[in-house]
Amino acid sequence: MNPVPMNLPVREASRDEFYLTKKGNYKQMKKILVIGAGRTSITLVSYLIKKAEEQNWYITVADQSLKLAREKAGDHPKSRAISFDVNNTKQRRKELSKADVVVSLLPQTLHVKLVEDCLEYKVHLLTASYVSPEMRNYNESAIKSGVILLNEMGLDPGIDHMDTMRLITQIKDKGGKIFSLKSYGGGLITPESDTNPWGYKITWSPMNVVTAGMASARYVKEGKLKIVPYNRLFLDTVIVEVPGVGKYESYPNRDSIKYRKIYHLHKIPNVYRGSLRKIGFCDAWNALVKIGLTDNRYIVPESQRFTYEEWLSIYLTKRNGTTTKEAMLEFLDISPNSEVMEKIEWLGLLGDKKIRINNATPAEILLDLLIQKWEFKKSDRDMVILQTEIEYEIKSKKEKIISSLVIKGEDYKHTAMAKTVGLPLGIGVNLILNDKIKERGVIIPIHRDIFRPTLKELAEYGIEPTEIVTKI
C-alpha cells in the first residue's frame, strides 16, 4: 500500500484530505469551497457533506463569521469552517487555489471578485444570482480556460429556468407551437405565519427585499412591447391563481424580453415574468416608493437624530397646522381608513421612535425598520411558489399548461428558500465534479445536461411541480 504523500500537490492540502482507493493508493479528495454561511446555506452544506461521504469530497465553509461557518460545517471529518474576507486578496487567492469548485452565496456584486482567481486556477464557480453584465464579460475567458461559471442555479432564477425548459422541450418535441409564456415566483410565508397586515416577512436577503424591482421592467403582450418604469412598477399588477393555495398579485420582474432568446422562443407574442406578493402588498409598497423611502442613491445626513415621523415629513409638503399624517394622506390621495394607511401606520412610520442607524440611505433606513417589523420568527415557516403558464397549439388544438411548485419550510432554520436555493446548487456541484456538464463559460441551467438531471434529483427531495392542462 502506498503511503500518504509527504510532498503535497500544488493545490495545498493536509494529509486528512486524501483517501484510500480500492487499489490501495492514496488520492486527493475533490475540494469544494462554499463562501457564505447565511440562512440559505444550511441545505446546500448538508447536501454536500452527505455527497462528500459517498464521493470523497472535502468541504470548506467560509464566512466573515466563523461562528456561522462552524454551525453549517459541523464537526464532520470531511468539512471545515474558516473565517473569510472576500476583500482580503491574499486569503481569497489562497483558498480558491485549493478548490476544484467554488459556490458563492455572496451578494451578486461580489461574485466578480472571485472570477479572475477562478480563471487563473481553473476553478469552476456556481452562484444563484442573475448573470450581471460584469459576469457576462468573462464568458470568452472562461471558455478558453475550460471553466464553468454556472449562474442562476437557485430557485428564481434557477428552478424556474429548468422547469420552463422542461415544458418547452416537451411541447416542441410533440410538434407544438408556443404563443404565450408567463412565469411567476415568490418567497413568501405560510398562511399560519401570516401575522401582520403586509402578509410578508423577511425570509431571504434583506436588502434585496427593499431594492427588488428598483429597475424598470419590460415584457411583451399581444406582440407589443411594454415598458414599466420603477415609479409605476407596483401599479402594473395582475392577479394569479395558484392551484391549491389561492390568489396572489404579481408585479413585473425585470427584463422578460431577453427570455425570448434564452428560451429559443424568438417571435413569441406574449412573455412575462412576475414576482408574487399577497394581494394588497403592492399598493402599500407603491406608496413607499412614491414618497421616496426606497431610494438607495443618497445619504440622509445624521439620520439617527430623526424620529421616523420626522424623517417621513422631510418628503412631504406640510401647510400651516397640518400634521405629517394629513400631509401624507393628501400626497398619496388615500383615505385614513384605507388598507394602505393601515400598513404604513403598522410599520411605525408615523411614530416617535428614533431611527437606529446614522448617515444612511432611505433604503437602508427603511430596511432597518422592516427587519424589526417583518421579522421571521422562530415559530414561523416560509413558503416558496413558482408557477409557469404556457399556451401553445398542437395539431390545430390550443392548450394551456400550468406547472405549479409550492414548497413550505420545515421550520425556522430549514426553510423552503434554503432548500430550493441550496439543493440546485449542490446538484450543480455534483454534476460538475462528475464531468456531466459539457458547456463552458458563463452559463445558466437551460441546457439539457443540467436541467434534466437536476429536476430528476430535486423530485427525489420532494421538489416537483404539479401540472394542469386545459383546452383554450
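We did not get these values from a lab; they are worked out from the coordinates using the rules stated. Bear in mind that the values here come from a model prediction, so they are computed numbers and not experimental data. Cβ sites come from the backbone with ideal geometry, for glycine too, and all protein chains shown count toward neighbours.
In angstrom, the C-alpha Rg and Dmax of region 15-150 are 14.9, 48.
Rounded to the nearest 5, the antiparallel percentage of DSSP beta bridges internal to region 15-150 is 10%. Evaluated over the Cα positions of region 176-247, the convex hull gives a direction-averaged projected area, one quarter of its surface, of 7.1 nm². Remark: the chain carries a charge dipole of roughly 1500 debye about the Cα centre, counting +1 on each Lys and Arg Cβ and -1 on each Asp and Glu Cβ. One quarter of the surface of the convex hull around the alpha-carbon atoms of region 313-358 equals 3.8 nm², the direction-averaged projected area.
What you get for region 338-472, charging only the Cβ of Lys and Arg (+1) and of Asp and Glu (-1), is a dipole of about 300 debye around the Cα centre. The phi-based Karplus calculation (6.51 cos²θ - 1.76 cosθ + 1.60; θ = phi - 60°) puts the 3J(HN,Hα) values of region 138-154 at 8, 4, 5, 4, 5, 4, 5, 7, x, 9, 9, 10, 8, 10, 6, 10, x Hz, whole numbers, x for Gly and Pro.
Principal axis extents of the C-alpha atoms in the chain (largest first, rounded to whole Å): 89, 65, 41.
Between amide H atoms placed 1.01 Å from N, distances below 5 Å from GLY154 occur with ILE159, all of them 5 or more places distant or on a separate chain. Taking other residues whose beta carbon is less than 11 angstrom from the beta carbon of TYR130, and scoring Lys, Arg as +1 and Asp, Glu as -1, yields 0. What whole number of Å gives the distance from the Cα centroid of region 106-175 to the Cα centroid of region 439-472? Taking the Cα centre of each part, region 439-472 and region 106-175 sit 15 Å apart.
Translational diffusion of region 87-225, estimated by Stokes-Einstein from the Kirkwood radius over alpha carbon pairs at 20 °C in a medium of 1.002 mPa s, is 118 µm² per second. Taking a straight line from the alpha carbon of LYS94, these lysines sit under 27 Å away, with near neighbours fewer than eight places off in the same chain left out: LYS27, LYS30, LYS31, LYS50, LYS51, LYS67, LYS72, LYS78, LYS113, LYS122, LYS144. For region 15-150, the dipole from Cβ point charges (+1 on Lys and Arg, -1 on Asp and Glu) about the Cα centre works out to 380 debye, to the nearest 20. Taken along its principal axes, the alpha carbon cloud of region 267-371 reaches lengths of 55, 31, 22 Å, longest axis first.
Only helices enter this figure: runs of n ≥ 4 DSSP H residues, each worth -39500 (n - 2.57), summed and divided by the residues of the chain, yield -10000 deg cm²/dmol at 222 nm to the nearest 500. Hey, which of these cross-link pairs are over 18 Å Cα-Cα: LYS177/LYS471; LYS247/LYS398; LYS261/LYS400; LYS325/LYS353? With Cα atoms farther than 18 Å apart: LYS247/LYS398; LYS261/LYS400.
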